[in-house]
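Report on the structure given below.
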Amino acid sequence: MALLLALNECTEWGRITILSTLADYKPTEQKEAEHICERVVPQFQHANPSVVLAAVKAVFLHMQNINPELGRTYAKKMAPPLVTLVSSQPEVQYVALRNIDLLLQKQPSLLSKEMRVFFCKYNDPPYLKFQKLQIMVRIANDSNVEQLLAELKEYAMEVDMDFVRRAIKAIGQVAIKIENACEKAVNVLLELINTKQAYVVQEVVVVIKDIFRKYPGYEGIIPTLCQCIDDLDEPTARGALIWIVGEYAEKISNAGDILSGFVDGFAEEFTQTQLQILTAVVKLFLKKPDQAQGLVQKVLQTATAECDNPDIRDRAYVYWRLLSSDPQIAKNIVLAQRPAITSTISTLPIPLLDSLMPDLSTLASVYHKPPQTFLGQGRSSANALQQAAIEEAAQNARENPLAAAAAAAAVSGQGSTVQSHAENLLDIDFDGAAPASLQKAPMGGSSGLEGLAGTPMRVASPTTNDAPIGGGMEDLMGIFGSSGGAPAAPAAGNSGSDDLMNGFASMNMEASQPPPPQTQLDGGGKKANEDILGLF
């Protein structure tokens with residue numbers, strides 16, 4: 001193929017494009033797929049992480065069409081470049097880890113011998129630590145589980161509460177995944193309980209509840225858990241302990257006393273805790289009817305008469321009807337054998353995982369979502385958001401027309417104010433004309449410069465109708481002492497400087513106007529000079 005021949009001659013961007021094209025290519029026979037893998041494998045050594053991920057994608061997809069033995073050989077060759085990516089900068093590491101997570105879900109044994117590479121460093125950002133925990137649990141097996149549990153125990157003793165909780169949860173996931181490691185994991189959890197840290201103890205109780213669902217034979221640790229009741233203040237942890245007490249009520253001598261304390265504070269508990277209390281008391285009654293009859297009546301009465309939550313009230317009515325009709329039927333329903341859980345590790349559905357494999361080394365592999373869920377066509381996503389906002393506003397207007405009208409009036413008022421201010425700012429064209437809302441007749445006996453020296457004030461320019469005889473040009477020339485012919489009577493109370501400040505738009509360029517007389521010229525010039533000097 002021409003693309004394979006050109007692969008080594010291209011730049012980094014060219015190689016990425018060619019490798020992506022090869023990944024999408026459907027070979028017609030097995031030898032063609034083997035030839036593609038053979039020519040692409042050298043790209044694993046490239047310095048650019050994008051080229052490495054693109055090469056891994058191409059080989060991984062074509063491995064499905066080649067000899068299984070040869071495929072395992074190529075899988076072993078994938079491990080070193082992927083491990084190298086984990087030693088890069090944090091951002092590159094995260095992208096690599098998200099892609100590795102997908103690869104491990106598809107082929108769990110891909111990096112089974114590289115456990116130590118994924119151990120968390122003290123200066124790793126939280127998002128890297130969380131992702132590394134998931135990957136370590138995925139590659140855990142009988143050969144490396146002891147090493148992993150020791151590392152997770154160290155993580156569970158750190159100060160970052162969120163990281164500690166996730167580390168404890170990972171211990172439980174390892175115990176459920178690997179049966180041979182369950183006892184070691186339970187011992188680690190018991191050691192963590194002895195630390196007496198509240199958030200550690202609560203997370204341990206939640207994790208042990210899941211372990212009981214897979215391995216019911218560890219009831220020997222229940223007394224230790226019951227001693228931690230006073231340390232539990234989170235609804236999830238309290239609900240987990242109540243579930244354990246109800247599930248093993250026949251093996252706990254003081255189960256009634258433990259549940260009685262929870263029933264007394266039933267009204268103050270969270271909803272999920274109330275549901276667990278209700279079910280645990282019913283289980284206790286079915287296992288020990290003589291000891292729990294008064295307790296079950298009390299909790300059912302409280303749940304049906306004093307509780308406003310419909311879920312709790314309805315469940316209490318169901319239990320009441322079951323217990324009052326036939327206790328044996330109630331036993332068959334409430335105490336029915338439940339299937340053991342197989343795993344608590346989060347995995348993607350198989351169809352989604354298969355659809356994401358061709359999108360390795362893209363954003364879809366980082367989000368673990370198909371591209372169509374977060375990519376729009378051009379501006380369609382922005383337009384969709386805008387259209388949704390418009391529809392929401394219209395819906396609000398229909399539901400509350402008075403509020404919508406008030407909001408529209410407020411927006412309209414703001415728009416007119418902004419427009420008015422814009423007119424004032426831009427109206428500096430020296431034409432002497434002011435907006436109609438700002439026109440104001442000048443005060444008698446005052447000049448425009450006096451207004452300028454004080455508070456700025458726009459004065460309407462004279463028009464041809466209200467000027468007695470002369471035009472603005474004659475008054476302007478009079479300021480500078482021009483000689484002329486017959487005088488023209490000036491407007492009473494106004495000087496030539498008024499017309500000067502009003503602008504040049506009112507100039508009358510007609511030559512038929514006679515010049516002003518000398519006496520008026522001198523008086524006008526003197527007055528204008530006084531006004532000008534008054535500014536200083």
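The values are calculated or read from the model by the stated rules, or taken from the named source; none is laboratory data. Quantities reported herein were computed from a predicted structural model and do not represent experimental measurements. Using ideal geometry, Cβ is built from the backbone for each residue, glycine included, and neighbour counts are taken over all protein chains shown.
Candidates Ala140, Ala47: the one that is part of a loop (DSSP other than H, G, I, E, B), among the aliphatic types (A, V, I, L, M) and buried (at least 16 other Cβ atoms within 10 Å of the Cβ) is Ala140. Of all the residues in the stretch 193-225, those that are among the aliphatic types (A, V, I, L, M) and closer than 19 Å to Phe163 by Cβ number 8. Residues that are surrounded by fewer than 19 Cβ atoms within 10 Å (Cβ to Cβ) and in a helix (DSSP H, G or I) within the stretch 265-278 comprise Ala267, Glu268, Thr271, Gln272, listed in sequence order. Within the stretch 178-218, restricting attention to residues that are of a type in the set (D, E, K, R) and over 32 Å from the mean Cα position of the chain (by Cα), the residue that is nearest to Gly239 (Cα to Cα) is Arg213.
If you check Ala6 against the conditions, is it of a type in the set (Gly, Ala, Ser), more than 29 Å from Ser112 (Cβ to Cβ) and free of Cβ contacts under 8 Å to residues at least 40 places away in the same chain? Against the criterion (of a type in the set (Gly, Ala, Ser), more than 29 Å from Ser112 (Cβ to Cβ) and free of Cβ contacts under 8 Å to residues at least 40 places away in the same chain), Ala6 qualifies. Would you confirm whether or not the stretch 113-132 contains a residue that is assigned to a loop (DSSP other than H, G, I, E, B) and of a type in the set (Lys, Arg)? Within the stretch 113-132, one or more residues are assigned to a loop (DSSP other than H, G, I, E, B) and of a type in the set (Lys, Arg).
Among the residues of the stretch 378-405, none is identified as modelled with pLDDT of 75 or more, among the small types (Gly, Ala, Ser) and not in a helix (DSSP H, G or I).
The residues of the stretch 326-343 that are loosely packed, with under 10 Cβ neighbours inside 10 Å and hydroxyl-bearing (Ser, Thr, Tyr) amount to a single one, Thr342. Could you go through the stretch 174-187 and let me know if any residue there is out of contact with any Phe, Trp or Tyr (no Cβ under 7 Å at 6 or more places or on another chain), free of Cβ contacts under 8 Å to residues at least 60 places away in the same chain, more than 23 Å from Lys251 (Cβ to Cβ) and of a type outside the set (A, V, I, L, M, F, W, C). Checked the stretch 174-187: at least one residue is out of contact with any Phe, Trp or Tyr (no Cβ under 7 Å at 6 or more places or on another chain), free of Cβ contacts under 8 Å to residues at least 60 places away in the same chain, more than 23 Å from Lys251 (Cβ to Cβ) and of a type outside the set (A, V, I, L, M, F, W, C). Selection over the stretch 294-316 of residues that are touching a helix residue (DSSP H, G or I) at 6+ places or on another chain (Cβ under 8 Å) and closer than 14 Å to Gln274 by Cα gives a count of 15. Exactly one residue among Asn65, Asn144 is over 22 Å from Ile36 (Cα atoms) and of a type in the set (S, T, N, Q), and that residue is Asn144.
Against the list (1) over 26 Å from Asp326 (Cβ atoms); (2) modelled with pLDDT under 90, the condition Val207 fails is (2). Report whether or not Val117 is surrounded by fewer than 16 Cβ atoms within 10 Å (Cβ to Cβ) and hydrophobic (A, V, I, L, M, F, W, C). It is false that Val117 is surrounded by fewer than 16 Cβ atoms within 10 Å (Cβ to Cβ) and hydrophobic (A, V, I, L, M, F, W, C). Considered as a group, the residues in the stretch 301-324 that are charged (D, E, K, R) and outside any helix (DSSP H, G or I) include one that is surrounded by the most Cβ atoms within 10 Å (Cβ to Cβ), and that residue is Glu306. Screening the stretch 1-41 for helices (runs of 4 or more DSSP H) wholly inside it with 3 or more residues that are closer than 13 Å to Met63 by Cβ returns the ranges 30-40.
In this structure, Leu104 does satisfy being within 18 Å of Ala54 (Cα to Cα) and either touching a Ser or Thr at 6+ places or on another chain (Cβ under 7 Å) or outside any loop (DSSP other than H, G, I, E, B) (or both). Taking the stretch 232-255 as the range and being out of contact with any Lys or Arg (no Cβ under 7 Å at 6 or more places or on another chain), small (Gly, Ala, Ser) and under 14 Å from Val282 (Cα atoms) as the test, only Ala255 passes.
Restricting attention to the stretch 234-264, the residues being modelled with pLDDT under 90 and either in contact with a strand residue (DSSP E or B) (Cβ under 8 Å, 6 or more places away or on another chain) or not in a helix (DSSP H, G or I) (or both) number 3. Sub-6 Å Cβ pairs linking a first residue in the stretch 344-371 that is surrounded by fewer than 16 Cβ atoms within 10 Å (Cβ to Cβ) and at pLDDT 90 or above to a second residue that is among the charged types (D, E, K, R) and in a loop (DSSP other than H, G, I, E, B), at least 6 apart or interchain, number zero. Residue check, Ile171 against (1) assigned to a helix (DSSP H, G or I); (2) farther than 23 Å from Gly220 by Cα; (3) not small (Gly, Ala, Ser), all met but one. Which one? If we test Ile171 against (1) assigned to a helix (DSSP H, G or I); (2) farther than 23 Å from Gly220 by Cα; (3) not small (Gly, Ala, Ser), just (2) comes out false.
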